[in-house]
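A short write-up of the structure that comes next.
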Amino acid sequence: MKDVYSYYNANRDFTTLEAWKKARLLKLFFYKEVIPCLPSEEKFNLNVQIRKASVSGTANISEGYGRYHHKEAIQFYRVSRGSIFELKDHLMSCYDCDFVTEEIFEKGISLIEEAKVTLNGYIKYVHSLKETEAKKRKLPK
């Protein structure tokens, strides 16, 4: 019987993924630079929505990474992507309502685009792994 731990690399988990790292930077940006700019009347509205979406970005990447099947993992990565798009809308709302400066807005848009592009690339990569494994199963022995 093969040793299960021979396949495990403790130095490689979801925290090594560039997509997760970019989503983490985005989360920290919103927590440290956007949320403090919100007025008190947004404490239970936009504030909460931003917190949920920013945490969802990293949490869904990590949960997807822990899933056994590629198809299931991709679904979590897509939820994370949706949260990143949600953050873009929240940032636009903050800018439209003059809660954040143009400088903060531009920085946020840049971080969002980096996270989105990186995550899209990772989703494409995982999808290609899924297709490669499917082709291997169809080959005659």
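The values are calculated or read from the model by the stated rules, or taken from the named source; none is laboratory data. Just so you know, these numbers come straight off a predicted model, no measurement behind them. Every residue, glycine among them, receives a Cβ derived from its backbone with ideal geometry; neighbour counts consider all protein chains shown.
Do we find that residue 22 is out of contact with any His (no Cβ under 8 Å at 6 or more places or on another chain), among the charged types (D, E, K, R), modelled with pLDDT of 95 or more and crowded, with 21+ Cβ neighbours inside 10 Å in this structure? When the stated conditions are applied, residue 22 passes them. Of the residues examined, residue 99 is one that is touching a residue at least 24 places away in the same chain (Cβ under 8 Å) and in a loop (DSSP other than H, G, I, E, B).
Residue count for region 67-84 satisfying the condition of being loosely packed, with under 12 Cβ neighbours inside 10 Å and either over 12 Å from residue 126 (Cβ atoms) or touching a Gly at 6+ places or on another chain (Cβ under 7 Å) (or both): 1.
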